[in-house]
Amino acid sequence: MSQHADAHATKPTFSRPLAFVRGPSRRRIEVFSPKLARRLSLASYAQWQLWLALEANPLVVTFCERPARLGAPNSRVIDFWVALRSTASSEFWLLDDDGDEIEVPAAPAVESDATIPPEQVRGLPVRRVARTDLRDWTTPVANWARILPYLVVWGRFSDVVLAQAIVVYLERSHTLDQIMAHFADHDPPMVEAALYSLVAKGRVLSPDLAVSPLSGATRFSRAIAPAT
């Protein structure tokens, strides 16, 4: 089993990415992941969008970029390995095409059986993400690009008392402006950081983030605890 996989698990898990190989026309996007508490190197804008979707989804427990290849040593690198809380399982995420991430010769215009990605790799399902899906994520991705710096700060200077006070206050839906006004005695960036950390964990909900740009009118409410 690869050094990137946990040999003691029933299904492989991945915590270390494959080496980033930068070609003459290949970009490199450096980011910091609050969920992983480490830096990542991404090879395309599409991978950056996928990464933000993983950070934003509270059902994603952990993930790893460039976890493995699809097959042979010269085959395409998989974009992400993703572990999900809802299914206690994991899967690979693969962009439908390489786009600006070119590391192997381009595939023929018509896919053959040899070029179609397999449905499973190392016993894990492969989820293919279409570029058209990424276009539908434009608004939430833009919102989470604004939110991520607050989560980085929160990871270093968290205030659990403030976070719990926000949860209590959000028993009813309130706008961001109302939340900021209610907690005006706190440092404003910390209030936003606490709020967004709660959204990232699924304790606070904001459907507005999926459809409208983040603003003072964006509404937030406490998540309803599941019945026991």
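We did not get these values from a lab; they are worked out from the coordinates using the rules stated. If you're wondering where the values come from, they're calculated on a predicted model, not measured in any experiment. Note that each Cβ is placed from the backbone with ideal geometry, even for glycine, and that neighbours are counted across all protein chains shown.
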Calculate the spin-label point distance for Val152 paired with Ser75, positioning each point 7 Å from the Cα along the beta-carbon direction, and give it in nanometres. 3.5
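How large is the charge dipole for the stretch 172-215, taken about the Cα centre, if only the Cβ atoms of Lys, Arg (+1) and Asp, Glu (-1) carry charge, to the nearest 20 debye?
Details: 3 positive and 5 negative charges, 54 e Å.
Dipole about the Cα centre, nearest 20: 260 debye.
Could you calculate the contour length gain from Thr132 to Phe32, that is, 0.36 nm times the residue separation minus the distance between their Cα atoms, to one decimal place in nm?
On the way: separation 100, 0.36 × 100 = 36.00 nm, distance 2.59 nm.
So the extension gain works out to 33.4 nm.
Starting from the Cα gyration tensor of the stretch 137-222, take the square roots of the eigenvalues, sort them a ≥ b ≥ c, and report rounded, prolate or oblate (rounded when a/c is under 1.5, otherwise prolate if a/b is larger than b/c, else oblate). The partial results should precede the final answer.
Numbers: a/c = 1.62, a/b = 1.22, b/c = 1.33.
It comes out oblate by the Cα gyration axes.
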Pairwise label distance in nanometres, Ser212 with His182, each label 7 Å out on the Cα-Cβ vector: 1.8
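Assuming 0.36 nm per residue, please report the length gained on full extension of the stretch Arg122 to Arg172 beyond their Cα-Cα distance.
Working: separation 50, 0.36 × 50 = 18.00 nm, distance 4.57 nm.
Value of the extension gain: 13.4 nm.
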